[in-house]
Amino acid sequence: MKRAWLALSVMLLSAPCAAFDRAAWQDDFAYLKKQLESRYANLAWFGSPQSGVDARALDRRANRALAASVDEADAKAAITDFING
């Protein structure tokens, strides 16, 4: 789990590249979710109604935000909002 967060932190804090690559951010988001699914023991509970968190809504919102992002800041905010949710 620490490696996934470390990789995400490095990605989010890296210097912006010349051209915005939305697809790369979407791929990174898919990777983050895959890591959460495989490494986060409490994910099933987190996604349950008892947790009080609507994981599907968080995912939809993040995907919409990434699809609408026009620069690195937008994409970073989309993933950060998902993590904070």
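So the values come out like this:
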| quantity | calculated |
| --- | --- |
| Amide hydrogen neighbours beyond the local backbone of residue 21, cut-off 5 Å, H modeled | none |
| The range 71-85 - phi-based ³J(HN,Hα) in whole Hz, Karplus 6.51/-1.76/1.60, Gly and Pro as x | 7, 4, 5, 4, 5, 4, 5, 4, 6, 5, 4, 4, 5, 5, x |
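No lab work stands behind these numbers, since they all come straight from the coordinates. Predicted, not measured: the structure shown is a model, and the values here were computed from it.
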